[in-house]
Amino acid sequence: MILLSVTVFEDRVADTAMPREHLNLHGLNFLIADSNSYFCMICQSILRSFGATKIYEARSAMDVNRTLVEQRIDFLLCDSNLPPEGGLRLTHEIRGSVSSEYRTIPILILTSDTRINTINAARDAGANMVVAKPVSVSSLYNRLAWVAFHPRSFVDAPTYFGPDRRFKIEGYPTGVGRRKGDNDESVVEEGGQAMGQDDIDSLLNLARKG
Amino acid sequence: MTNAGDGTIIPVSTRFHSLVTRPGGVSREQAIQSAEAHLGTMQPQFADWLDRQLELLISAIPSGQTEATSEDKWLAAAHVHCRAMRDVGATMGFELLTFAANNLCDIIDIVQAGVDCPFDAIENQVNALLLARKEVARASLTDARRT
C-alpha cells in the first residue's frame with residue numbers, strides 16, 4: 001500500500017514540475033548570441049522544432065546591439081562568454097539602458113560554468129533564467145516554458161534593474177515537502193480501492209519473472 | 001507599481017509573454033520529439049564539424065615543450081576549439097566528447113592561471129577526444145545505413 005501511495009505522489013509531483021502548456025513561438029523573434037556558430041545552428045534547429053520561425057544569430061556583443069537596432073527581438077539567448085566582455089556584462093548593459101525598449105526583454109543566459117557564483121552573477125545582472133551548456137532539448141523547453149508561464153515583475157532599484165530575484169519553487173501542490181512550514185508526507189490520502197498484500201505480491205512476482 | 005524597500009516593483013508585459021500564450025503552438029512532447037529527431041539527422045554533418053575542430057585543436061597544441069610558440073597564444077586557440085566541442089557534444093548525444101573536452105578545458109584553465117603545462121595530461125585528453133570521435137563516426141555510419 002505504501003508503495004502505491006508513493007508512486008501516485010511522485011506522479012503528481014512530476015505532473016506539476018513539468019510545464020504541460022503549449023508554447024506558441026510562431027512569429028516571435030529570437031536572437032541567439034554565441035561565438036560558436038555550430039552551437040547557434042543546433043540551437044536554431046531546436047527552436048525551430050519548438051515552433052519558432054524567426055531566429056537571428058550574433059557572434060559578439062556588437063552584433064547583438066546591431067541586431068537589436070535592426071530587428072524587433074522578443075527573446076535573447078546569450079552565452080555567458082560572449083565576446084568581448086561576456087554575456088553577463090551585456091545583460092547588465094541592456095537592463096541599465098533606461099531609454100531602451102529592450103530593457104525588459106526576456107534574457108536566457110547559456111553557460112557551461114554552473115558554479116553558484118556564476119549563477120548568482122547572472123541573476124544579479126538581470127537574466128530571467130540560466131541554462132547549462134551543453135543544453136538538452138528538454139531543459140531548453142522547460143526554461144522557455146518557465147519564462148513564458150511564470151512572468152515576473154521587474155525591480156527598479158538603485159543597484160539593480162531586472163526580474164524580481166525573490167522567487168522560489170513553491171513546493172508540491174498539496175503543500176507536502178521537506179521545509180519546516182510544509183505538511184508532512186503522511187497527509188497524502190489514499191485514492192481508490194486499496195490492494196491487498198496478496199495482489200501486491202503477485203504483481204511483484206510477475207515483474208520479477210519479466 | 002509598488003515600493004519594496006529601496007526599489008520599485010514594476011509589472012512587466014512583453015511581446016514575448018503576450019504572444020507565447022496564444023492558442024495553438026506545439027505541445028511539450030511534440031516539440032521535444034521533433035527536436036531530437038532533427039538533431040539525429042544532423043549527425044553526419046556533426047561528424048565533419050568534429051573532424052575539423054579536432055584537427056584545429058591538435059594543430060594548436062605544440063608537440064613538445066621545445067617549440068617556441070607563445071603559450072598564451074596556443075592556449076587561447078586550443079580553448080576555443082575545446083569549448084566548442086564541450087558545448088555541443090552532449091546535446092548531440094555524445095557525453096564522452098563533452099566529458100573529455102571539459103577535462104581539457106579545465107587543464108587549459110589551470111595552465112592559463114599559471115600552473116606548469118602538463119603536456120602528458122593534455123595528450124591523454126586529446127586521445128579521449130579521438131576515442132569519442134570514433135563513437136561519433138560509428139553513430140553517423142549506423143544512421144546513414146538506416147536511411
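The values are calculated or read from the model by the stated rules, or taken from the named source; none is laboratory data. What you see is a predicted model; the values in this text were computed from it and never measured. Using ideal geometry, Cβ is built from the backbone for each residue, glycine included, and neighbour counts are taken over all protein chains shown. What goes into the accessible areas is simple: the full protein's heavy atoms, side chains included, and nothing from ligands, DNA or RNA. Shrake-Rupley method; radii C 1.70, N 1.55, O 1.52, S 1.80 Å.
Hey, B:K73 hits all of (1) exposed (fewer than 13 other Cβ atoms within 10 Å of the Cβ); (2) within 22 Å of A:C43 (Cβ to Cβ); (3) among the basic types (K, R) but one; which does it fall short on?
It is condition (2) that B:K73 fails.
Tell me yes or no: at least one residue of segment A:5-22 is at pLDDT 95 or above, buried (at least 16 other Cβ atoms within 10 Å of the Cβ) and outside any helix (DSSP H, G or I).
No: zero hits.
Residue-by-condition table, conditions (1) touching a residue at least 24 places away in the same chain (Cβ under 8 Å); (2) hydrophobic (A, V, I, L, M, F, W, C):
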position: B:A90; (1), (2): no, yes
position: B:T98; (1), (2): no, no
position: B:I107; (1), (2): no, yes
position: B:V115; (1), (2): no, yes
position: B:D120; (1), (2): no, no
position: B:N127; (1), (2): no, no
position: B:L130; (1), (2): yes, yes
position: B:V136; (1), (2): yes, yes
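Listed here are the residues, each with its yes/no results for (1) under 30 Å from A:V98 (Cβ atoms); (2) away from chain A (no Cβ under 14 Å); (3) in contact with a Leu (Cβ under 8 Å, 6 or more places away or on another chain).
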{"position": "B:T21", "(1), (2), (3)": "yes, no, no"}
{"position": "B:T41", "(1), (2), (3)": "no, no, no"}
{"position": "B:A84", "(1), (2), (3)": "no, no, no"}
{"position": "B:A101", "(1), (2), (3)": "no, no, yes"}
{"position": "B:C105", "(1), (2), (3)": "no, no, no"}
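Kindly indicate whether A:P151 is modelled with pLDDT of 95 or more, within 8 Å of chain B (Cβ to nearest Cβ) and open to solvent by 30 Å² or more (accessible area, probe 1.4 Å).
The answer is no for A:P151.
Checking B:E95 against (1) open to solvent by 60 Å² or more (accessible area, probe 1.4 Å); (2) out of contact with any Gly (no Cβ under 8 Å at 6 or more places or on another chain), which test does it fail?
In the conditions (1) open to solvent by 60 Å² or more (accessible area, probe 1.4 Å); (2) out of contact with any Gly (no Cβ under 8 Å at 6 or more places or on another chain), B:E95 misses (2) alone.
Given the criterion closer than 22 Å to B:Q53 by Cβ, within 20 Å of the chain's Cα centre (by Cα) and at pLDDT 95 or above, identify the matching residue among A:I55, A:I46, A:I73.
None of the other options fit; the residue is A:I46.
Restrict the check to segment B:61-73 and report whether at least one residue is in a helix (DSSP H, G or I), within 13 Å of another protein chain (Cβ to nearest Cβ) and in contact (Cβ under 8 Å) with a residue 12 or more places away in the chain.
Looking through segment B:61-73, none of the residues is in a helix (DSSP H, G or I), within 13 Å of another protein chain (Cβ to nearest Cβ) and in contact (Cβ under 8 Å) with a residue 12 or more places away in the chain.
Identify the residue in segment B:24-37 that is within 7 Å of chain A (Cβ to nearest Cβ) and modelled with pLDDT of 95 or more and, among all such residues, is most open to solvent (accessible area, probe 1.4 Å).
Top of the filtered list is B:E36.
I need the full set of residues from segment A:55-71 which are surrounded by fewer than 17 Cβ atoms within 10 Å (Cβ to Cβ) and within 26 Å of B:G25 (Cα to Cα), in order please.
Within segment A:55-71, just A:Q71 meets the criteria.
Does B:L56 satisfy being surrounded by fewer than 17 Cβ atoms within 10 Å (Cβ to Cβ), at pLDDT 95 or above and outside any loop (DSSP other than H, G, I, E, B)?
Yes; evaluated as a whole, the condition is true for this residue.
Scanning for something β-branched (V, I, T), surrounded by 10 or more Cβ atoms within 10 Å (Cβ to Cβ) and either modelled with pLDDT of 95 or more or part of a loop (DSSP other than H, G, I, E, B) (or both), does segment A:175-189 turn up at least one residue?
yes
Would you please name the residue that is surrounded by the most Cβ atoms within 10 Å (Cβ to Cβ), looking only at residues in segment B:1-12 that are modelled with pLDDT of 90 or more and not in a strand (DSSP E or B)?
By that ranking, first place goes to B:V12.
Considering only segment B:10-56, how many residues are under 20 Å from B:A90 (Cα atoms), in contact (Cβ under 8 Å) with a residue 12 or more places away in the chain and of a type in the set (A, V, I, L, M)?
Number satisfying all stated conditions: 5.
Within the group A:R143, A:R123, which residue is more than 12 Å from chain B (Cβ to nearest Cβ), open to solvent by 20 Å² or more (accessible area, probe 1.4 Å), part of a helix (DSSP H, G or I) and closer than 18 Å to A:F30 by Cβ?
Only one candidate qualifies: A:R143.
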